[in-house]
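Chemist: Dropping the structure in here first, questions after.
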Amino acid sequence: MARTSGLRERKKARTRQHIADTAARLFAVHGYDDVSVLDVARAADVSDQTVYNYFPAKHDLVLDRAEEIRDLYARTVTERPDGTSPAEALRAVARRDVDRHRHSDPDEARGLYPALCASSPVIRRLALEDRDRQTDAVAAAIAETSPGVHPAVGRVHAAALVAVFQMIFDRLGRSVLDGTAPHVVADELAPDVEAALDDLDEHFHRMRRARRTVRHEEPS
């Protein structure tokens with residue numbers, strides 16, 4: 001029974017990936033706004049209902065990993081070692097995003113999230129809405145792990161961290177549409193990401209030091 005269940009799950013995963021890959025290829029050629037769910041279904045050789053079974057709305061073909069990414073950011077902050085700032089914890093995630101693009105295929109990249117955010121107003125709007133949810137998730141992780149940080153300050157810091165990732169995807173998306181070679185934009189973007197995270201790392205530690213000083217100076 002377990003073997004049958006495992007085979008079924010693997011088949012479903014392959015079907016889901018096939019649909020997503022097919023959609024990305026169509027978006028790369030025609031753009032998100034000019035491709036329908038029916039177009040994706042026909043190209044993937046499945047029914048439109050099958051597409052909806054895996055992706056309830058058309059935009060889910062692009063944003064289906066949104067919850068996974070929010071969880072990644074929040075978990076990375078929550079599970080960071082003592083003494084490590086949220087910015088330092090997220091640095092490896094940001095570097096992976098840049099390095100992944102460095103080795104990407106320019107034609108395939110036109111159908112992926114960064115380029116679609118830059119080319120489709122619909123995806124851009126939905127992505128910005130999800131950035132707010134990412135900020136909420138990171139702010140909650142900061143509040144959980146750094147209770148001495150004022151909630152409003154923590155949320156502002158979370159928004160700045162999320163803005164670093166917004167910068168990454170905005171720059172990558174525009175570079176794909178402009179035809180900039182992936183390694184060129186990665187080389188240009190990497191030091192900017194490091195500088196932004198260095199500043200946020202320093203700010204967080206300075207904020208924590210100031211908070212400890214205030215506590216020590218409070219009258220007993």
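Where a number appears in this text, it was derived from the coordinates with a stated rule and is not lab data. As the structure is a computational prediction, the values presented were derived from the model and not from experiment. Here Cβ is always computed from backbone atoms with ideal geometry, including for glycine, and neighbour counts include all displayed protein chains.
Chemist: Restricting to DSSP loop positions (anything but H, G, I, E, B) with no more than 13 other Cβ atoms inside 10 Å of their own Cβ, which trypsin sites (Lys or Arg not before Pro) remain in the stretch 50-137?
Modeler: Of the trypsin sites (Lys or Arg not before Pro), the ones in loops of the stretch 50-137 whose Cβ has at most 13 other Cβ atoms within 10 Å are R65.
Chemist: Now a separate question. Say a paramagnetic label sat at a point 7 Å from the Cα of H205, along Cα to Cβ; which residues of the stretch 81-97 have their backbone N under 15 Å from it?
Modeler: Within reach of a label on H205, which here means backbone N under 15 Å from a point 7 Å along Cα→Cβ, the stretch 81-97 contributes 81-91.
Chemist: Once fully extended, how much extra length lies between V93 and R8, figured as 0.36 nm per residue of separation less the alpha-carbon to alpha-carbon distance?
Modeler: 27.4 nm
Chemist: Additional query: What is the gain in length, in nm to one decimal, between R102 and E188 on full extension, counting 0.36 nm per residue of separation less the C-alpha to C-alpha distance?
Modeler: So the extension gain works out to 29.9 nm.
Chemist: Right, another one. Note the listed values (1) 127; (2) 194; (3) 148, then indicate which one is volume of the Cα convex hull per residue in Å³ calculated from this particular structure.
Modeler: Among (1) 127; (2) 194; (3) 148, the one derived from this structure is (3).
Chemist: I've got another one for you. For n ≥ 4 DSSP H runs only, could you compute -39500 (n - 2.57) per run for the chain, divide by its residues and tell me the 222 nm figure to the nearest 500?
Modeler: Only helices count here, giving -27000 deg cm²/dmol.
Chemist: Please find, in a Gaussian network model of the chain (springs between Cα atoms separated by less than 10 Å), the residue of V98, V162, V153 whose mean-square fluctuation is greatest.
Modeler: Its mean-square fluctuation being the largest, the pick is V153.
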